[in-house]
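Visitor: Below you will find the structure I want to go over with you.
Every number in this text was worked out from the coordinates using simple rules, so none of it is lab data. Predicted model, so just to flag it, every value in this text is computed and none were measured. FYI the Cβ positions are ideal-geometry reconstructions off the backbone, even for glycines, and counts take in every protein chain you see.
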Amino acid sequence: MTIILGLESSCDETAAALVTADGRILAHRLATQEEAHRPYGGVVPEIAARAHVEALAPLIEAALKDADLTLDDVDVIAATAGPGLIGGVMVGLVTGKALAHAANKPLVAVNHLEGHALSPRLADPTLQFPYLLLLVSGGHCQLLHVRGPGDYARLATTIDDASGEAFDKTAKLLGLGYPGGPAVEKAAAKGDPKAVPLPRPLVGTAEPHFSFAGLKSAVMRAAQSGRYSTQDIAASFQQAVIDCLIDRTERQLAGVQDITALVVAGGVAANQSIRAALEALAAKHDLPFVAPPLWLCTDNAAMIAWAGAERHAAGLIDDLTVPARPRWPL
Ligand code: KG4
Ligand code: ZN
């Protein structure tokens, strides 16, 4: 069975994982840089790149040890080649190239977004193409018609902030710290989602896209008014995001006929209330709902190894000149 080593270093997690072509996760290791960035309230690219350099090689060794394998047993090297913070992306990609060259293995340069987009098939091997994917992460908010490896149609995207970015900025505004998504979710659990009147940008409009900038400004005004508790603002904000995601996703469900499932992926998909709302939407439309387990939603290398497996199986391999790309739409 083909074994794929996956490397991830595009943001603030360094990770290495070993996955088989039939979807078994043999090992996955991850080092988060949360503590290093916490004092700055967000990811500092230079700190991130240096931390990736220090963390990556020991993580690869540890993953191989966990799986009781050596580099010789690995058949394919898959590394994130973008999009992301360029210093970090280069660390993972150059390491992947060096391993591929030294061990004479094929290299697959993986688009990080494709890692998220295909991760639900690693979680649920019965999931078939095509599916409607809501991809919600720190840098993106998109609806994609996923047809196969390398075959995506982007149906909607954000015209301003990404959904995770909205969570992170709201957390900062409310003094909830970094990383913002889990902190807002925790505060929201103790608040009233109807307490603060907040806008639902673009909801109900004919255009397909997302927008969160106006919501962020409204959260700022609510916080500055001193009239609401942090928990109530967090809960109302989270509900507004959910309403936007559901409205925009349902709009697409009316248009796509051939999908096998409604699927969510990306870091924001770790949010329980968002998952529950999407699950209800799928049930309303008689569709299966697929969401990877929480650890597979946030950045990790198993999804990169898996995207490498899918691309390799489709004959999509790269040569050692493939560039690191800070921007790389799917
Ligand atoms: O996919 P990811 O780990 O990294 C990117 O590729 O961007 O997503 C990170 C984003 C961050 O904005 C983080 O705040 C958000 O996902 N996030 C969440 C939750 N966990 C992570 N947002 C809402 N609720 C959560 N539980
Ligand atoms: Zn990500």
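Visitor: Rank by packing, highest mean first: peptides 126-133, 298-305, with packing defined as the count of other Cβ atoms within 10 Å averaged across residues.
Guide: Details: 126-133: 18.2, 298-305: 30.8.
In decreasing order of mean packing, 126-133, 298-305 become 298-305, 126-133.
Visitor: Follow-up. Return the subset of Lys172/Lys194; Lys65/Lys97; Lys65/Lys186; Lys190/Lys216; Lys190/Lys284 for which the Cα-Cα distance in this structure is over 30 Å, preserving the input order. Can you show the working numbers first?
Guide: Details: Lys172/Lys194 21 Å; Lys65/Lys97 21 Å; Lys65/Lys186 36 Å; Lys190/Lys216 20 Å; Lys190/Lys284 28 Å.
Beyond 30 Å: Lys65/Lys186.
Visitor: Please name whichever of Pro201, Gly6, Asn271 sits farthest to the positive end of the charge dipole of the chain, dipole taken about the Cα centre and charges placed at Cβ: Lys and Arg +1, Asp and Glu -1.
Guide: Pro201
Visitor: Taking the chain as a Gaussian network, Cα atoms linked when under 10 Å apart, which of Thr70, Thr95, Thr170 shows the biggest mean-square fluctuation?
Guide: Thr70
Visitor: Figure the gain on full extension for Ala283 and Ser217 (residue separation times 0.36 nm, minus the Cα-Cα span) and round it to one decimal in nm. Let's see the in-between values first.
Guide: Working: separation 66, 0.36 × 66 = 23.76 nm, distance 3.32 nm.
Going from the current span to full extension adds 20.4 nm.
Visitor: A follow-up question, please. Below 14 Å, Cα to Cα, which aspartates and glutamates can Lys105 reach? Residues fewer than 8 away in the same chain don't count.
Guide: Here the aspartates and glutamates satisfying the reach criterion relative to Lys105 are Asp72, Asp73, Asp75, Asp318, Asp319.
Visitor: Over all pairs of distinct alpha carbons, what does the Kirkwood formula give as the hydrodynamic radius of segment 192-330, in Å?
Guide: Working: mean 1/r = 0.0562 Å⁻¹.
Radius from the Kirkwood sum: 17.8 Å.
Visitor: Moving on to the next point. Please work out the Cα convex hull volume for the chain and give it in Å³ per residue. Display every interim value, and only then the final one.
Guide: On the way: hull volume 39.8 nm³, N = 330.
Cα convex hull per residue, to the nearest whole number: 121 Å³.
Visitor: Could you compute the FRET efficiency for Asp151 and Lys65, with r as their C-beta to C-beta distance and R0 at 45 Å, rounded to 0.05?
Guide: Working: r = 36 Å, r/R0 = 0.80.
For Asp151 and Lys65, the calculated efficiency is 0.80.
Visitor: When the dipole is taken about the Cα centre of the chain, and only Lys, Arg (+1) and Asp, Glu (-1) are charged at their Cβ, what size is it in debye, to the nearest 20? Could you put the intermediate results ahead of the total?
Guide: Values: 26 positive and 35 negative charges, 185 e Å.
Using only the charged Cβ atoms, the result is roughly 880 debye.
Visitor: Exactly which trypsin sites (Lys or Arg not before Pro) in segment 283-330 are in a DSSP loop and have at most 15 other Cβ atoms within 10 Å? Don't skip to the answer; put the middle values down first.
Guide: Details: sites: Lys284, Arg311, Arg327; in loops: Arg327.
Those that pass, being in a loop and sparsely packed, are Arg327.
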